[in-house]
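Encoded as C-alpha cells, the structure appears first; notes follow it.
The values are calculated or read from the model by the stated rules, or taken from the named source; none is laboratory data. Just so it is clear, the model here is predicted, and its values are computed rather than measured. Here the Cβ positions follow ideal geometry from the backbone for every residue, glycine too, while neighbour counts run over all protein chains shown.
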Amino acid sequence: MRRLIATSMVMLLVLLIPVSAEETDTVRLEIEALDDNSKPWYGTGDSVLLASSIVNDGAVTSITEDPSCGVVMRVADAAGTAVLDESTTCRGQSRGLDIGTGTTVLDQHAWDLTNQDGGLVSPGLYTITIELAGSGLSATSEVMVQQNAGIPSQLIFSASIAHREDVLSLGEPFVIAYELHNPTSEAIDIRSLDTCQLLISFEEQRLGPSCNAGLTTIDAYAVLGLGHTMHQATTVGASTLTIETPDALVVDSFELSVQDVAVPSTPLDASINALSASFIQGELFDGSLTLENDGTESELLRFTNTCRASYWIAGSNGVVFDSLDQANCRTAELDVVVGASSQTTFPLQSFAFVDETGCSMLSGDYILVAEVPEFGYASSMDVDYRRIQSADCGTASEPLTSLSVDLDDNDEAVFELQLTGVDEQTDIQWLEICKASLQLWNLDLTEKVIEKNVLCNSDVQLDQALRLSSEDVLQFELEDLNDFDYQDAEYRVRIDLATDQDMMLEYEFSWPLDVAVEETVVVEEDVTQEAPIVLVEGVWSGVLTPDGTCWMLENEEGIVHMLADATMASWTP
C-alpha cells in the first residue's frame with residue numbers, strides 16, 4: 001500500500017513540472033527591431049533597440065524561468081567572444097511561469113554598441129542573443145557595427161570616379177575606385193582593420209570595400225587598391241556621393257549632375273563571366289556577359305544595332321579602354337527572348353591590355369564594366385594587370401635615379417642607389433623580388449666583372465605599388481659593389497631597375513676612389529676694383545656661319561670688333 005502511494009506521488013510531481021522550451025516546438029521567443037536605423041550598419045551614436053516576446057502556438061502551458069534576472073541580453077563578436085553578458089547577475093533560481101496561447105510581450109533591450117566595461121566596440125559583425133533565463137528560450141539577431149576603427153593617422157584613403165560618357169545619365173553605370181596610401185618611410189601594421197569597411201552615402205547608404213584589402217601590413221610609401229563599387233543613378237539632377245571611414249573621416253565627396261533619359265526596367269540579373277581576374281603582359285581578356293531571368297515570365301529584348309554588349313576599363317585616372325572605340329556598330333533589329341528561369345549570354349571583345357599605340361598598360365588595379373547599353377544592364381569586376389618586363393612607354397612619371405659613392409669611417413667604399421620623387425605623384429611598380437640587375441665593367445681591361453640581380457627580398461609585396469612625393473627618397477645600399485675586390489682601374493656601373501618603366505643609370509669612377517675632402521676655406525676681404533668702362537661706337541652687321549650668326553661691330557675708321565666668348569647663344573644687338 002505504501003509503495004502504491006509513493007508511486008502515485010511521483011506521478012503527481014511529474015505532472016506538476018513546468019514544460020521547458022526544449023520540450024516543445026509550440027513555444028518560442030521572438031525579437032523585433034524597434035530602432036529607426038535604415039543603414040546596413042550601426043555607427044557611433046546609434047543604439048540597437050529590440051523588443052522580445054514569447055509566442056505560443058499551442059495550448060496554455062508552463063515553462064521554467066530564473067526569477068533573479070528574467071530576460072537577459074548577450075552580445076558576442078564574430079569569433080564568439082562575449083563582449084556583453086547580462087546573465088552574469090543570474091543566481092540560478094527556478095520557478096514556473098504560465099504561458100497563455102498567443103503572444104506574451106516581454107522586455108525591450110537596448111545596446112549602445114559598448115562592451116562590458118563601457119568602451120565602444122570595434123567594427124565587425126556581432127550576434128545579439130535575447131534569452132529568458134532558465135527557460136532555454138532564446139532568439140538571436142546579427143548587426144553590423146562600423147565605428148571606433150582605430151585607423152592609424154598616417155594612412156591616407158582616396159577615391160576616384162569614372163564613367164563612360166562625359167555626361168552622366170540616368171541609369172548609366174559609374175564606378176568608384178578606392179586606394180590606401182602609406183606616405184611614411186616605415187611599414188604600418190593594418191591587421192586591426194580586417195573588419196573595417198568604408199561607408200558610402202549616395203541616394204542610399206551602403207557598405208564599401210574593406211579598409212585593408214585583407215592584408216596585414218602596408219609597406220613604406222605603398223599604395224593598396226581596395227576595390228571598387230558600381231552605382232547607377234536613379235534620380236535626375238544634382239546629387240552628392242560621400243565616402244567616410246568608420247572613424248567619421250571624410251575620404252572624398254563627389255558632386256554629380258545626372259541628366260534625364262528614358263530608362264527601361266531591368267528585371268534581369270547581369271554578371272560577367274571570365275576565366276580569371278588577374279592577367280600578365282601578353283595574356284588576353286576573353287569573357288562574356290550573362291543576363292539571367294529568375295522570374296516566372298519571359299523577357300523580350302528588342303535590339304536596334306549589332307553592338308549588343310560592350311565594356312570599358314577604368315583605372316585611377318579614368319577610362320583607359322572602351323570596346324566601342326574599336327567596334328563597327330551597324331543598325332539592325334534583333335529580338336532576344338530570355339525565358340523564365342533561364343539565361344542568355346553575349347560574348348565580349350578580346351583585349352590584349354595595350355593602348356592604341358601598342359604600348360602595354362601600366363601594372364595596377366583596374367575596373368571592367370560590361371553593359372547592355374540599350375536596356376540599362378551592367379556588371380563590373382576588379383581586374384589586376386601586371387607587366388612582366390619594363391617598357392619605355394606609358395604616361396607614368398619616373399623618379400629621379402642617382403648613384404653615390406663615399407668612404408665610411410673605416411675608409412670602406414659605400415655605394416648607394418637613390419630614387420627621388422620628382423612630381424606631385426611618382427608611382428613605382430616593382431616587377432620582380434629582385435629590384436635591379438647590376439653590371440660592373442673594368443674599363444681598362446674591357447671586362448665585365450659583375451653581372452647579377454641585386455636588391456632581392458622575398459618579402460617584397462609586388463602587389464603594392466610605391467608612391468613618392470617630390471620630397472620622398474628611397475635609398476638602397478649596394479652590398480655587391482661595396483664588397484668587390486677592386487684593382488687600380490677605371491670602372492663603369494650599369495643598373496637596370498625592374499620596374500614598369502624602363503629605367504637605367506650608369507656611373508663611372510676611378511679606383512682608388514678620389515673622394516674630395518671638405519676643407520674650410522677662409523676668404524679674406526679684398527678691395528674690389530671696378531673694371532674700366534670702354535665705349536665702342538659703330539655699326540653692327542651679321543654674317544651667317546654653320547654655328548649661327550656672327551655679329552661684328554665696325555666703326556667709322558674701318559676697325560672691326562668681333563664678339564668672343566659669348567655666354568648667350570641667341571644674343572642679338
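Show the residue pairs that are 6+ apart or on different chains and have beta-carbon atoms under 9 Å apart, the first residue being within segment 195-216 and on the phi > 0 side of the Ramachandran plot, the second being assigned to a strand (DSSP E or B).
These pairs meet every condition: E203/H231; E203/S239; E203/L241; A213/L180; A213/L224; A213/G225; A213/L226; A213/G227.
Among D365, D409, which is farther than 30 Å from R302 by Cβ, assigned by TED's automatic domain parsing to the domain that holds A274 and among the acidic types (D, E)?
Result of the check over D365, D409: D365.
Pull out all pairs, ordered by first then second residue, where Cβ-Cβ is under 7 Å, the residues are six or more apart or on different chains, the first lies in segment 264-285 and is of a type in the set (F, W, Y), and the second is assigned to a loop (DSSP other than H, G, I, E, B).
F279/F353
Can you name the residue in segment 169-197 that is over 24 Å from D77 (Cβ atoms) and hydroxyl-bearing (S, T, Y) and, of all such residues, is surrounded by the most Cβ atoms within 10 Å (Cβ to Cβ)?
Restricting to residues being over 24 Å from D77 (Cβ atoms) and hydroxyl-bearing (S, T, Y), the top hit is Y178.
What are the residues in segment 237-256 that are β-branched (V, I, T), within 18 Å of the chain's Cα centre (by Cα) and outside any loop (DSSP other than H, G, I, E, B), if any?
Within segment 237-256, T242, I243, V250, V251 meet the criteria.
Within segment 357-382, track down each residue that is polar (S, T, N, Q) and surrounded by fewer than 14 Cβ atoms within 10 Å (Cβ to Cβ).
Passing the criteria: only T357.
At pLDDT 95 or above and surrounded by fewer than 15 Cβ atoms within 10 Å (Cβ to Cβ): is that true of L34 in this structure?
In short, yes.
Pairs please, first residue from segment 160-171 and modelled with pLDDT of 95 or more, second anywhere and of a type in the set (F, W, Y) and surrounded by fewer than 19 Cβ atoms within 10 Å (Cβ to Cβ), Cβ atoms under 7 Å, 6+ apart in sequence or on different chains.
I161/F254
Looking at segment 383-412 only, could you name the residues that are within 28 Å of I272 (Cα to Cα) and surrounded by fewer than 17 Cβ atoms within 10 Å (Cβ to Cβ)?
D384, I388
Check every one of the strands (runs of 3 or more DSSP E) wholly within segment 305-346 and list those with 3 or more residues that are closer than 25 Å to T229 by Cα and either modelled with pLDDT of 95 or more or of a type in the set (A, V, I, L, M, F, W, C) (or both).
Correct list: 310-315, 318-322.
Which one of E356, E371, E398 is in a loop (DSSP other than H, G, I, E, B) and either without any contact (Cβ under 8 Å) to a residue 24 or more places away in the chain or within 16 Å of D322 (Cβ to Cβ) (or both)?
Result of the check over E356, E371, E398: E356.
Identify the single condition in (1) in a loop (DSSP other than H, G, I, E, B); (2) small (G, A, S); (3) under 25 Å from Q461 (Cα atoms) that G295 does not satisfy, given that it satisfies every other one.
(3)
Taking strands (runs of 3 or more DSSP E) that do not extend beyond segment 402-458, which have at least 3 residues that are of a type in the set (V, I, T)?
447-456
Conditions tested, residue by residue: (1) within 22 Å of S135 (Cα to Cα); (2) modelled with pLDDT of 90 or more; (3) part of a helix (DSSP H, G or I).
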site	(1), (2), (3)
I5	no, no, yes
S8	no, no, yes
M11	no, no, yes
T44	no, yes, no
I63	yes, yes, no
Q93	yes, yes, no
L97	yes, yes, no
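Mind listing whichever residues of segment 216-236 are in a loop (DSSP other than H, G, I, E, B), of a type in the set (A, V, I, L, M) and crowded, with 17+ Cβ neighbours inside 10 Å?
Across segment 216-236, the qualifying residue is only A233.
Which of the residues belonging to segment 113-131 are within 17 Å of I31 (Cβ to Cβ) and among the hydroxyl-bearing types (S, T, Y)?
Y126, T127, T129
Determine which single condition L125 fails, assuming it passes every other condition in (1) surrounded by 14 or more Cβ atoms within 10 Å (Cβ to Cβ); (2) outside the structural domain of G318 (by TED's automatic domain parsing); (3) at pLDDT 95 or above.
Only one criterion in (1) surrounded by 14 or more Cβ atoms within 10 Å (Cβ to Cβ); (2) outside the structural domain of G318 (by TED's automatic domain parsing); (3) at pLDDT 95 or above is unmet by L125, namely (1).
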